[in-house]
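To start, the structure itself, in structure tokens.
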Amino acid sequence: MPGKSHVPRGIKLGSRSCQHFPVAILVSCKRWSRKLHQGDIDAFAGELASSSAHKGVIYSYSGFTGPAQEKAAKLGISCCRLYQNEPPDLPKQLVFDVHLCSQRVMFSLYGYVAAEWRFETWGDVLDLPDTSDGEGEKRVADMLQTAFHEAEQQAVRDLVDKRLWPPDAFGAAVGVGSPEGEARSPFRIGVQAEWKWYRARLEAYELDGS
């Protein structure tokens, strides 16, 4: 029935973008006998802000005034109408939020004694043979890469299972022992990664009826 007293507040829906990044959408439906105006958009924008949702969608049984649609477009709110036995209007604008989550990786040395090992580059450190299994067939870089990927996979699992946001930093470390027959102090190589999250907006507009 038309009238504000019978209209519930918006409903918050949850989902995930790319199966990882949580996205919350606040949806509000207005079955009113009049078109929604700017004041109604402002009220919904306040509800959207207090809900901490990422996106707002508002449905109007009777449509929207022109100023209301302009206000909603500036605030990133999607205005929708419910149609019955009539074709829908073609949207003049499509808005997409694009997310990118990349890593910032840092390498560190712990307990390293320069006077004993005398490395000149990081390549010298990573090319050391892995003597942990007594054979030394692998490089320290291979061992560190394996440990790093395991920590990365665990961080992604925690992101999905525990719904952590922003995602936790993660890291791994491996030990480097003294080569056989040489008296050098052992040390550890650590690699840490923290997530850098970026969000951009892609907007598409209808031009000249195309």
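Things to note:
- Top-ranked residue of the range 98-113 - restricted to ones that are open to solvent by less than 60 Å² (accessible area, probe 1.4 Å) and over 16 Å from residue 173 (Cα atoms), ranked as modelled with the highest pLDDT: 113
- Residue 163 meets the conditions (1) surrounded by 15 or more Cβ atoms within 10 Å (Cβ to Cβ); (2) at pLDDT below 70; (3) not small (Gly, Ala, Ser) in every case but one. The failed one is (1).
- Residue match in the range 84-97 (condition: exposed (fewer than 11 other Cβ atoms within 10 Å of the Cβ) and modelled with pLDDT of 85 or more): no
- Those residues of the range 61-80 which are touching a helix residue (DSSP H, G or I) at 6+ places or on another chain (Cβ under 8 Å) and either open to solvent by less than 30 Å² (accessible area, probe 1.4 Å) or of a type in the set (Gly, Ala, Ser) (or both), in sequence order: 64, 68, 72, 77, 78
- Figure legend. Inter-residue proximity from the range 152-164: first residues within 15 Å of residue 101 (Cα to Cα) and part of a helix (DSSP H, G or I), second residues among the aromatic types (Phe, Trp, Tyr) and modelled with pLDDT under 80, beta-carbon distance below 8 Å, spacing 6+ or different chains. Indicated pairs: 159/165.
- For beta carbons closer than 6 Å, sequence separation of 6+ or different chains, a first residue in the range 188-202 that is surrounded by 16 or more Cβ atoms within 10 Å (Cβ to Cβ) and aliphatic (A, V, I, L, M) and a second that is assigned to a strand (DSSP E or B) and at pLDDT below 85, the qualifying pairs are 193/103.
The values are calculated or read from the model by the stated rules, or taken from the named source; none is laboratory data. Here the structure is a predicted model, which means the values were calculated and not measured. So basically every Cβ, Gly included, is an ideal-geometry build from the backbone, and we count neighbours across all protein chains shown. Remember, those area values only see protein heavy atoms, side chains included, never the ligands or the DNA or RNA. Shrake-Rupley method; radii C 1.70, N 1.55, O 1.52, S 1.80 Å.
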